[in-house]
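K.L.:
Sharing a structure with you now.
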Amino acid sequence: MPTTYGQFCPMAKAMEVLDERWTLLVVRELLAGSTHFNELRRGNPKMSPALLSKRLRTLERAGVVRRAVEGGRTSYHLTPCGEELRPVVEALGAWGIRWIGALGEDDLDPHLLMWDIRRTVPLDRWPRGRTVIRFDFTDQPGRTTSWWLCVTGADADVITVPVYRWEGPADPAPLDALIDATLARTVDAVTFTSAPAAAGLLARAAETGRDAALVSALGGVPASPAPSGGAADASVRPGDVLAMCVGPVTAGPLQDRDIPVVWPARARIGALVRRLAEELPTRRPPLPVAGHILDLRGHAVLLDGTLITLPPASIALLRVLAERPGRVVPRARLLSALPGGGTDEHAVETAIARLRSALGVPSAIQTVVKRGYRLALDTGDCD
């Protein structure tokens with residue numbers, strides 16, 4: 001609700017309309033010639049669309065603004081009442097220059113500056129045809145610093161130049177968690193949409209001593225053997241995690257490490273998602289096991305189409321068993337796959353029991369006495 005001062009004073013009544021935040025700045029934009037919603041937004045880029053709509057409705061009810069619809073497009077215009085605010089707004093600007101003092105660096109706003117430049121282009125004297133001028137604000141780090149001023153015929157517009165910069169996160173914990181998940185193969189794929197992001201992931205792995213393990217997990221050839229204790233989980237073969245990029249430029253840092261990369265025909269996010277959906281099912285085909293269809297995923301399995309999330313130990317064992325389905329896997333090999341390792345082979349029996357219970361199909365994993373365990377593959381005895 002607008003502020004009500006409850007005073008028998010024309011100034012107080014005027015302020016009930018005009019002193020809400022952003023209101024006079026909206027009037028300023030209308031006085032400067034903006035007539036459409038997006039133009040008003042660009043003149044006040046930090047104002048939310050919802051708040052702008054609210055202020056326009058308030059000004060319309062007060063008789064300051066007139067709303068018009070032509071050809072399905074809405075425009076806003078000052079009424080004679082609104083036009084009489086011009087000397088008020090100009091006087092406030094002059095007063096601010098004289099008495100408020102110099103503007104500080106925090107007040108610098110390239111958006112508003114470029115929008116004002118666009119408004120002052122002398123279109124009637126501008127050369128015909130299309131003209132594009134680039135502006136770079138090199139002393140404005142952390143903001144949109146590059147712009148195009150585009151003038152075509154009787155129209156001028158400003159366009160931001162997106163300059164991509166990748167910087168390491170302030171909190172590296174999520175990035176480290178992604179690396180951990182890749183090493184543990186609890187993700188099926190890692191997607192990249194920029195070359196700096198791909199290089200940043202490799203750099204973070206190198207900083208934390210996991211470079212060789214990460215490259216191996218993504219199917220590349222480590223530059224040097226992983227240090228003791230830093231190797232990838234031995235229960236899986238290299239390349240179990242797919243590296244998917246939006247295009248060949250993004251793939252560059254990964255290909256430099258001989259990591260196999262897949263990308264779509266068109267460098268678009270939507271195309272990347274579609275290619276990912278096509279690629280993943282071909283990398284590890286479903287297995288017919290004990291009368292069921294088992295489809296192994298990064299952190300879970302699909303059993304007859306039902307998703308079953310498994311704990312790390314269970315998924316590690318199942319992944320080893322699925323490397324050569326139907327073949328016997330020795331207990332020692334399974335023990336080496338368990339998170340944390342160890343020397344007691346009874347830990348394998350406990351983990352296998354939990355895996356059978358989680359799957360709900362105990363016969364899916366067969367015990368081969370004195371030898372180990374195997375997946376009960378329906379295609380025959382592969383022992």
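K.L.:
Here's a check for you: in the stretch 257-289, which residue that is in contact with a strand residue (DSSP E or B) (Cβ under 6 Å, 6 or more places away or on another chain) and not in a helix (DSSP H, G or I) is modelled with the lowest pLDDT?
P.N.:
Filtering the stretch 257-289 for residues that are in contact with a strand residue (DSSP E or B) (Cβ under 6 Å, 6 or more places away or on another chain) and not in a helix (DSSP H, G or I), the one modelled with the lowest pLDDT comes out as 284.
K.L.:
Within the stretch 32-53, is there a residue that is in contact (Cβ under 8 Å) with a residue 12 or more places away in the chain, farther than 24 Å from residue 158 by Cα and either touching a helix residue (DSSP H, G or I) at 6+ places or on another chain (Cβ under 9 Å) or not in a loop (DSSP other than H, G, I, E, B) (or both)?
P.N.:
no
K.L.:
Additional query: Filter the stretch 1-17 down to the residues that are free of Cβ contacts under 8 Å to residues at least 40 places away in the same chain and part of a helix (DSSP H, G or I), then identify the one that is nearest to residue 81 (Cα to Cα).
P.N.:
Among those that are free of Cβ contacts under 8 Å to residues at least 40 places away in the same chain and part of a helix (DSSP H, G or I), it is 14.
K.L.:
Among the residues of the stretch 76-128, count how many are in contact (Cβ under 8 Å) with a residue 24 or more places away in the chain, β-branched (Val, Ile, Thr) and part of a loop (DSSP other than H, G, I, E, B).
P.N.:
Residues flagged as in contact (Cβ under 8 Å) with a residue 24 or more places away in the chain, β-branched (Val, Ile, Thr) and part of a loop (DSSP other than H, G, I, E, B) within the stretch 76-128 amount to 1.
K.L.:
Does residue 332 count as in contact with a strand residue (DSSP E or B) (Cβ under 9 Å, 6 or more places away or on another chain) and not acidic (Asp, Glu)?
P.N.:
yes
Yes/no per residue for (1) hydrophobic (A, V, I, L, M, F, W, C); (2) surrounded by 18 or more Cβ atoms within 10 Å (Cβ to Cβ):
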{"residue": "290", "(1), (2)": "yes, no"}
{"residue": "326", "(1), (2)": "no, yes"}
{"residue": "355", "(1), (2)": "yes, yes"}
{"residue": "372", "(1), (2)": "no, yes"}
{"residue": "377", "(1), (2)": "yes, yes"}
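K.L.:
Next up: Could you check the stretch 55-100 and list, in sequence order, the residues that are in contact with an Asp or Glu (Cβ under 9 Å, 6 or more places away or on another chain) and surrounded by fewer than 14 Cβ atoms within 10 Å (Cβ to Cβ)?
P.N.:
67
K.L.:
Considering only residues that are polar (S, T, N, Q), modelled with pLDDT under 85 and outside any helix (DSSP H, G or I), which ones fall in the stretch 325-383?
P.N.:
Within the stretch 325-383, 343, 379 meet the criteria.
K.L.:
So which residues in the stretch 224-256 are at pLDDT 90 or above and either of a type in the set (Gly, Ala, Ser) or part of a loop (DSSP other than H, G, I, E, B) (or both), if there are any at all?
P.N.:
243, 246, 247, 251, 252, 256
K.L.:
What number of residues within the stretch 64-80 satisfy the criterion of being over 12 Å from residue 36 (Cβ atoms) and among the charged types (D, E, K, R)?
P.N.:
Looking only at that region, the number is 1.
K.L.:
Still on this model: Out of 116, 109, which single residue is among the acidic types (Asp, Glu), surrounded by 11 or more Cβ atoms within 10 Å (Cβ to Cβ) and at pLDDT below 85? If you could, list the steps in order and put the result at the bottom.
P.N.:
Values: 116 fails: at pLDDT below 85.
That would be 109, the only listed residue that is among the acidic types (Asp, Glu), surrounded by 11 or more Cβ atoms within 10 Å (Cβ to Cβ) and at pLDDT below 85.
K.L.:
Quick test of your reading of the structure: residue 347 fulfils all but one of (1) in contact with a Leu (Cβ under 7 Å, 6 or more places away or on another chain); (2) closer than 20 Å to residue 296 by Cα. Name the failing condition by number.
P.N.:
(2)
The values are calculated or read from the model by the stated rules, or taken from the named source; none is laboratory data. What you are looking at is a predicted structure, and each value in this text was computed from that prediction instead of being measured. Neighbour counts run over all protein chains shown; Cβ positions are idealised from the backbone, glycine included.
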